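In what follows, a structure is listed as structure tokens, so that the remarks can point back to it.
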Amino acid sequence: MRMAVTGVGVALPGADSATALAAALATGRHPGGAVEPAAVLGKKGLRYKDRATQLGLCAAQRVLTDSGLLADGALTVDGTRTAVLVSSNLGNVDTVCRVVRTIADEGTYGVSPMDTPNASSNIIASEIAIRWGLKGPNLMLCNGPASGLDAIRWGAALLRSGRADHVVVVGVEPDNEIARGLVGGPLVDGAAAVVLEHTEAAEARGATVRALIGAHTRGLDVAGTIGELAEVESEPAAWYAPAAATPSLAAGLPVHDLAAVWGELSGALGVVQCAAAVGALDAGADGPMWLVAGTDSDDGVATLVLRPPVPAGVQPAAV
Amino acid sequence: MRVPIIGVGAVASVGRDADEIFAGLCAGRGGLGPMRGFDSGLYNGKQLFEIDDRPEGADRTLRATGFLLDAVGQAAADAGLGDDLSGVPVLVGTGLRELRSAELWWRDGAPFGVDRLHFGTALRERFGTADTLTVSNACSASLYTLALGADLLAMGEADTVIVAGVDSITESMHGLADRVQPNPPTALRTLDVNRRGTILGDGAAAVVLRGEHVKWPGGRLWGRLRGVGMTCDAKHPTAPDPEQVAEAMRQAHRLAGTRPEDIDMVMLHGTGTPLNDLVEITAYGEVFGEAAGGPVLTGIKPMTGHTSGSAGLMSLVTTLQTMATGKVPPLVNLDEPIEEAAGLRLVRAQEAKHEVALAQVHGFGFGGVNAVAIVEGS
């Protein structure tokens, strides 16, 4: 059974769709602007949610709408069969650090009980589940530089194991003083999301297949992981990879480095890469796209291949 | 599904390895003590279930990482895998990652970097594996990773998987709870009418899973994982809800091909908060119906504290030891059970002798993340 991307949601500074994301990436310059969650979600209920949760909700709303899982404010599929995976490394680090400083300065009377849910790192994934009644497996991945592609891999695993029929994968990182201090520079302050489904499920509900999910690998370094990929996948048409990984990639092909445009993407990277690659495929770019998150100086490197959907009218050979 | 469990490891306030912890639990010996790592002058609740690893007194970074490496190393050794785990995926469930280190970095200027917020960096350094996963799923995290590990084996992506859970207490989590507890609990009293809340603990636990159809030269078989159900309440960020807690139990039985009446023991999540215990026992009663009086019920948190992300696997490791020995640790501090638990076979006061062939292990967490595992003895 093949798995597909059937929706993309983008809530990045200066880009609110896969098309806008791919276009901004092509210019190589930050498009300017900032994500304003109240404009996307309405003001109600946002007050005590941290920035990462708000950004994640924006991308989730857009991907649910784009994929058709949400129509007229209601789910069109069974919420108990819909999983949520969110990838973020810095998500709630600001809340945690702020609270511990407040306790040191003022004692516990200085802290707000409204921060309690945000002290748990999975707040982003649970708020997305709560807002739309998504009761399937709910996972918060905080897995370092490769975390975003790991989220796609494990989202696909939930489909393969039959634990879910629809998987919402979100990558998000907030920008704030504390997160900057930890990573050494400004962060994206945005989010992206994709919906994954089996092609049969997509077909059954009349959804559009935007990309097919190919092989994935995870290993110690870039050369090794893409070498493994080359054993099972046809040559890439383009790369989505961090600049530091470029020396290990086959030369002569476009390499899209999202951090060059939006700053540090950390745990959001792999999901934003997927969104950008689908945006490019939507616009008629050649595939397959090979995605790389993590570099030789990180704890691990993850890769993923996205293939163009089979064009309408072309029937795949019977297996 | 019958996934062999071929190695276990754990560290907690009550013991430095799985055997020492189990001996302590059976003896009714808890690990609650005066707060060591935080300034007790700042808090109403001045007791925690900490691992006593700071003889110098002052707190330090990367304690959770150390606990994790310890538990994973124990489990790998128990399974005869040694210290080279290259090619072995290690999936870690945690509530608080290395957020305690981030606190010390921000507040005190302790050296710390984003590369150690998750556990992949240390696992690679120590064991050589690059296929690692840090899942931050609150208090059911390690049962969630247990499910992922079993799925990975079933899909044929690995022959052997190590699943682990870990947490060291963060001051922010303790402080936020303390803020709303002017009269904090002095003991963790699962299912007691006078329970007043939970108390956090440090801990790590790990198990080694082997693919069902993979030949291996033998060694110890602790038991077999039959199934793990996982659901999300999608109701409230911190308060649990019985509907999806019950569904996680039903799902686990569906996946395992078992029925409630087959269960000999239930290892409760049992945090000792008024709401958790009520929701858990209500959902249990609903799912088990007339079979509710069958299994014995116990839990370890009154003695280990709430070890958050490691709690589910800590319960699983204890369950496997119960299966091996026929000894069931008691729910200490349970003087007067709540009305909803009337008629249930609660193990109280002291260890019970009970043959357990099939057990159900609970883990529920903030965000309404629920996981229930069913395990059978060897």
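The values are calculated or read from the model by the stated rules, or taken from the named source; none is laboratory data. Predicted model, so just to flag it, every value in this text is computed and none were measured. All Cβ positions, glycine included, derive from the backbone under ideal geometry; neighbour counts span all protein chains shown.
If a residue must be touching a strand residue (DSSP E or B) at 6+ places or on another chain (Cβ under 6 Å) and either crowded, with 18+ Cβ neighbours inside 10 Å or modelled with pLDDT under 90 (or both), how many such residues does the range B:220-247 contain?
Result for the range B:220-247: 15.
Please state which one of A:L158, A:L182 is in contact with a Pro (Cβ under 7 Å, 6 or more places away or on another chain), among the aliphatic types (A, V, I, L, M) and in a helix (DSSP H, G or I).
Result of the check over A:L158, A:L182: A:L158.
Of everything in the range B:182-199, what is buried (at least 24 other Cβ atoms within 10 Å of the Cβ) and either under 30 Å from B:G87 (Cα atoms) or not polar (S, T, N, Q) (or both)? Give them in sequence order.
B:L188, B:R189, B:L191, B:R195, B:I199
When only residues in the range B:124-163 that are assigned to a loop (DSSP other than H, G, I, E, B) and not acidic (D, E) count, which is surrounded by the most Cβ atoms within 10 Å (Cβ to Cβ)?
By that ranking, first place goes to B:N137.
Evaluate the following for A:S126: is it over 19 Å from B:L148 (Cα atoms), at the interface with another protein chain (Cβ under 7 Å from one of its Cβ atoms) and crowded, with 24+ Cβ neighbours inside 10 Å?
no
Looking at the range A:116-155, which of its residues are touching a Phe, Trp or Tyr at 6+ places or on another chain (Cβ under 8 Å) and either in a loop (DSSP other than H, G, I, E, B) or of a type in the set (D, E, K, R) (or both)?
A:S120, A:N122, A:P137
Just wondering, is there one or more residues in the range B:45-56 that are of a type in the set (S, T, N, Q), within 30 Å of B:P182 (Cβ to Cβ), in contact (Cβ under 8 Å) with a residue 24 or more places away in the chain and out of contact with any Cys (no Cβ under 9 Å at 6 or more places or on another chain)?
yes
Quick one: is B:V356 closer than 24 Å to B:R195 by Cβ and assigned by TED's automatic domain parsing to the domain that holds B:M303?
No: the conditions fail for B:V356.
Yes or no: A:D165 more than 7 Å from chain B (Cβ to nearest Cβ), more than 30 Å from B:V228 (Cα to Cα) and in contact with a strand residue (DSSP E or B) (Cβ under 8 Å, 6 or more places away or on another chain)?
no
With (1) crowded, with 23+ Cβ neighbours inside 10 Å; (2) at the interface with chain A (Cβ under 7 Å from one of its Cβ atoms) as the list, and B:R179 as the residue in question, which single condition is left unmet?
(1)
In this structure, is A:S88 more than 7 Å from chain B (Cβ to nearest Cβ), among the hydroxyl-bearing types (S, T, Y), surrounded by 22 or more Cβ atoms within 10 Å (Cβ to Cβ) and in contact with a His (Cβ under 9 Å, 6 or more places away or on another chain)?
In short, no.
Pull out all pairs, ordered by first then second residue, where Cβ-Cβ is under 7 Å, the residues are six or more apart or on different chains, the first lies in the range B:260-276 and is surrounded by fewer than 19 Cβ atoms within 10 Å (Cβ to Cβ), and the second is part of a loop (DSSP other than H, G, I, E, B).
B:E261/B:G294; B:P274/B:R195; B:L275/B:A239; B:L275/B:P240
Yes or no, residue by residue, for (1) at negative phi; (2) within 13 Å of another protein chain (Cβ to nearest Cβ); (3) in contact (Cβ under 8 Å) with a residue 12 or more places away in the chain; (4) surrounded by fewer than 24 Cβ atoms within 10 Å (Cβ to Cβ):
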residue: A:G73; (1), (2), (3), (4): no, no, no, yes
residue: A:T102; (1), (2), (3), (4): yes, yes, no, yes
residue: A:T108; (1), (2), (3), (4): yes, yes, no, yes
residue: A:S121; (1), (2), (3), (4): yes, yes, yes, no
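Say we look at the range A:250-291 and pick out the residues that are more than 20 Å from A:A23 (Cα to Cα) and aliphatic (A, V, I, L, M); which of these is surrounded by the most Cβ atoms within 10 Å (Cβ to Cβ)?
Restricting to residues being more than 20 Å from A:A23 (Cα to Cα) and aliphatic (A, V, I, L, M), the top hit is A:A250.
Can you tell me which residue among A:G181, A:G219 is within 10 Å of chain B (Cβ to nearest Cβ) and without any contact (Cβ under 8 Å) to a residue 60 or more places away in the chain?
A:G181
Output the helices (runs of 4 or more DSSP H) that fall wholly within the range A:1-95 and possess 1 or more residues being touching a Cys at 6+ places or on another chain (Cβ under 7 Å), or say none.
A:37-41
Quick check: is even one residue across the range A:284-295 of a type in the set (S, T, N, Q), free of Cβ contacts under 8 Å to residues at least 60 places away in the same chain and either within 14 Å of another protein chain (Cβ to nearest Cβ) or closer than 24 Å to A:D189 by Cα (or both)?
Checked the range A:284-295: no residue is of a type in the set (S, T, N, Q), free of Cβ contacts under 8 Å to residues at least 60 places away in the same chain and either within 14 Å of another protein chain (Cβ to nearest Cβ) or closer than 24 Å to A:D189 by Cα (or both).
Going by the structure shown, is B:V207 away from every other protein chain (no Cβ under 14 Å), under 30 Å from B:R100 (Cα atoms), crowded, with 19+ Cβ neighbours inside 10 Å and modelled with pLDDT of 95 or more?
In short, yes.
Name the residues in the range A:129-150 that are surrounded by 24 or more Cβ atoms within 10 Å (Cβ to Cβ), hydrophobic (A, V, I, L, M, F, W, C) and within 10 Å of chain B (Cβ to nearest Cβ), would you?
Of everything in the range A:129-150, those that are surrounded by 24 or more Cβ atoms within 10 Å (Cβ to Cβ), hydrophobic (A, V, I, L, M, F, W, C) and within 10 Å of chain B (Cβ to nearest Cβ) turn out to be A:A129, A:L134, A:L139, A:M140, A:L141, A:C142, A:A146.
Only one of (1) surrounded by fewer than 20 Cβ atoms within 10 Å (Cβ to Cβ); (2) within 13 Å of chain A (Cβ to nearest Cβ); (3) basic (K, R); (4) assigned to a loop (DSSP other than H, G, I, E, B) fails for B:R60. Which number is that?
Among (1) surrounded by fewer than 20 Cβ atoms within 10 Å (Cβ to Cβ); (2) within 13 Å of chain A (Cβ to nearest Cβ); (3) basic (K, R); (4) assigned to a loop (DSSP other than H, G, I, E, B), the lone unmet condition for B:R60 is (2).
Please tell me if B:R250 is over 25 Å from B:S168 (Cβ atoms), outside any loop (DSSP other than H, G, I, E, B), modelled with pLDDT of 95 or more and within 14 Å of chain A (Cβ to nearest Cβ).
Yes: the conditions hold for B:R250.
Whether any residue in the range B:84-97 is out of contact with any Leu (no Cβ under 9 Å at 6 or more places or on another chain), among the charged types (D, E, K, R) and without any contact (Cβ under 8 Å) to a residue 24 or more places away in the chain is what I want to check.
Within the range B:84-97 (the criterion being out of contact with any Leu (no Cβ under 9 Å at 6 or more places or on another chain), among the charged types (D, E, K, R) and without any contact (Cβ under 8 Å) to a residue 24 or more places away in the chain), the answer is no, since none of the residues qualifies.
Conditions: (1) surrounded by fewer than 23 Cβ atoms within 10 Å (Cβ to Cβ); (2) at pLDDT 95 or above. B:L313 meets all but one. Number of the miss?
Only one criterion in (1) surrounded by fewer than 23 Cβ atoms within 10 Å (Cβ to Cβ); (2) at pLDDT 95 or above is unmet by B:L313, namely (1).
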